[in-house]
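Input: a single structure, listed below in structure tokens.
The values are calculated or read from the model by the stated rules, or taken from the named source; none is laboratory data. All values reported here derive from a predicted model rather than from experimental measurement. Using ideal geometry, Cβ is built from the backbone for each residue, glycine included, and neighbour counts are taken over all protein chains shown. Keep in mind that these areas ignore ligands, DNA and RNA; they rest on the heavy atoms of the full protein, side chains included. Shrake-Rupley method; radii C 1.70, N 1.55, O 1.52, S 1.80 Å.
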Amino acid sequence: MSSQLVGWRDLPLGAVAFISSKEYPTGEWAVFQPKIDEKKCIKCGLCWMYCPDSAYRWDGEGVPVPDLDHCKGCGICEVECPTKAIEMIRV
Amino acid sequence: MAVLKKVEQVMMALNGDEAVAWAVKQSNVDVVSAYPITPQTIIVERISEFVNNGEMDAEFIHVESEHSALTAAWGAALAGARAFTATAANGLALMWEILYITASTRVPVVMAVVNRALSAPINIHNDHSDTMGARDSGWIQIYSEDAQEAYDNTIMAFKIAEESLFPVMVTLDGFTISHTLQNVSVLPDDVVSDFVGVRRIPRIKLPRIHGDKEIPLMFNPKYPITFGPLDLYDYYFEHKVQQNEAMKETFPIIERVHKEYGEISGRSYEPVFMVPYRTEDADAIILGLSSTMSVVKKVVDDLRERGKKVGAIRLRVFRPFPADFLRRELSKFHAVGVLDRCISFGGEGGPLFNEVRSALYGLPSRPIVHNYIYGLGGRDLPRSLIVKIYEELLSARAEPEVPVVKYVGVRE
């Protein structure tokens, strides 16, 4: 994103959002990131459901994949995982 | 103020609050949200009567606090409505958060603030601590001298706000103006309605990286947009600079709207930003805001009769601060006394004094500037004290290193 930063003259008026939150990598703040043990994962989807940042991608079938660009490392998924398949790793 | 009668106007006996209510009624306002607080109460009482009687086609939103009052006005204006609210003192303090949000999202809400002292102790009388505290929130601030001006300023405020995309605060002194009956020339409804026109919705252009798309700056299901979301160290600074630079460009808009209003009403308010009174050959002048300056002008007349070279300047617009006009106007005087009806705790004098003094600092020759803090909580400023201020200014010697800040009319 940094290569696209514009100056104050080019910003739209009124503090209107002009970048989608998808393009805003807020995961940069994270101190911890989840690591999923695919063998332990039972694909229940609780991590996907509980994630406050919608930072899990899941098609309802395979193992959910954390989107590290938006994961802030809160660790809720680790706590909720019924099979202890998620471990928070220090970045 | 030159009075050239352009259209037939009706003389009505109105107090300042009623004058504002009439201006709002005539300005095609769509939404009024308000919470009554002394001495603003009459404004919203009258408006609610107008709406109830079907004299005014607006939505009146009864809210549970001032925080909600401004939030509702902001939301309504974002949806394309012309919105108005009114408050005073602690009510304005409760709006603080939304004051900044309204200004930063460039929403043209108009608000009447009836100046009143802030607690504690509770005091309902006139004092400028409330609006002076809001000076950095990004609102245009216009100070009225009397009920007539409160009426005129409110009508002009809608046009200034919508053309500049800044919210506008029209202030009037608590009780002194708000509750005092005065003859007010009221324009015909259709003239005001034509003057303010239909609320225009500005369009914004998204940056080139997003395909140069142009969309209306409002809530609209066709073009969903988000106002004021997260903006960290990467863009917040740019947004604030943009806002500040845009505010400087409101000077010509404010001037033009005043000129246009002068043409229909005959009340020109020229010059717009600061009104000089008998300053031609003056040595000492008093600079201040709002209704107090009426008394100061009377004292100027008295002293002129006694051969004293004194004058007065009333500042009408405090935000944006007309520093250039001030530099041009003030450099020729020997001494300037700045009246502040507000204390900036722990600061070097009141807020008006601070800005006036720093505006003049860079001049090769500048007047001596003294600060007089007066009238807090509605304390009277009698003519005798104003005479004393003038005497002090006339005999003031070269500026000392430490600014002279004095309390006027306080018991020692």
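Relative to its Kirkwood radius, the Cα radius of gyration of the stretch B:160-213 gives an Rg/Rh of 1.22. Counted by Cβ distance under 15 Å from A:A85, the other residues give a net charge of 0, where Lys and Arg count +1 and Asp and Glu count -1. With r defined as the distance between the Cβ atoms of B:A398 and B:L181 and R0 fixed at 51 Å, what FRET efficiency is calculated, to the nearest 0.05? My answer for the efficiency is 0.65. A Förster radius of 45 Å, combined with the Cβ-Cβ distance separating B:W96 from B:R306, puts the computed FRET efficiency at roughly 0.45.
Averaging Cα coordinates gives a centre for the stretch B:17-88 and one for the stretch B:356-386; these two points are 35 Å apart. Subtracting the Cα-Cα distance of B:E64 and B:D212 from 0.36 nm times their residue separation leaves 49.1 nm of extension gain. Peptides B:20-31, B:102-113, B:354-365 ordered by packing proxy, namely the average of other Cβ atoms within 10 Å per residue, highest first: B:102-113, B:20-31, B:354-365.
Put a plus charge on the Cβ of each Lys and Arg, a minus charge on the Cβ of each Asp and Glu, and nothing anywhere else: the dipole of the protein assembly as shown about its Cα centre is then about 940 debye. Database remark: amide H of B:R319 closer than 5 angstrom to the amide H of B:Q141 (H placed geometrically; neighbours at sequence offset of 5 or more, or on other chains; Pro and chain starts carry no H).
A 1.4 Å probe run over chain A, with the rest of the protein chains in place, finds 64 Å² accessible per residue. Against the main long axis of the alpha-carbon atoms of chain B, helix B:41-52 sits at an angle near 30°. Amide H contacts for B:Y407 (H built 1.01 Å from N in the peptide plane; partners 5 or more residues away or on another chain; cut-off under 5 Å): B:I373. In this label model, A:I89 and A:K35 are separated by 0.3 nm, measuring between points 7 Å along each Cα→Cβ vector. Its alpha carbons give the protein assembly as shown an Rg and a Dmax of 27.3, 100 Å.
Counting Cβ atoms of other protein chains within 10 Å of each residue's Cβ and taking the mean over peptide B:222-229 gives 3. For the stretch B:273-386, just say rounded, prolate or oblate: build the C-alpha gyration tensor, square-root its eigenvalues into a ≥ b ≥ c, call rounded for a/c under 1.5, and beyond that prolate if a/b exceeds b/c, oblate if not. Taking the square roots of the gyration eigenvalues as a ≥ b ≥ c, the stretch B:273-386 is oblate. Exceedance of the 29 Å cut-off in Cα-Cα distance is limited, within the set B:K297/B:K332; B:K259/B:K297; B:K159/B:K309; B:K248/B:K406, to B:K159/B:K309; B:K248/B:K406. Set against the 2.2 N^0.38 Å expectation for a compact globular protein, the stretch B:67-212 has a Cα radius of gyration ratio of 1.12. Dipole size of the stretch B:260-333 about its Cα centre, with +1 on Lys/Arg Cβ and -1 on Asp/Glu Cβ: approximately 280 debye, rounded to the nearest 20. Largest first, the three principal axis extents of the alpha carbons in the stretch B:300-366 are 38, 28, 21 Å in whole numbers. For the pair the stretch B:275-326 / the stretch B:230-261, the C-alpha centres are spaced 29 Å from each other. Estimated purely from DSSP H runs of n ≥ 4, each contributing -39500 (n - 2.57), the mean residue ellipticity at 222 nm for the protein assembly as shown is -9500 deg cm²/dmol once divided by its residues. Computed on the Cα atoms alone, the convex hull of the stretch B:1-119 gives a volume of 136 cubic angstrom per residue.
Here the stretch A:14-91 is treated with +1 on each Lys and Arg Cβ and -1 on each Asp and Glu Cβ, and its dipole about the Cα centre works out to around 180 debye.
In percent, rounded to a whole number, the relative contact order of chain A is 36, using alpha-carbon pairs under 8 Å and six or more apart. Once you divide the Cα radius of gyration of chain A by 2.2 N^0.38 Å, the number left is 1.33.
Sequence-distant contacts, meaning Cα pairs under 8 Å at least 6 residues apart, place the relative contact order of chain B at 16 percent. For the pair B:Y223 and B:N53, a Förster radius of 35 Å applied to the C-beta separation gives a FRET efficiency near 0.40, rounded to the nearest 0.05.
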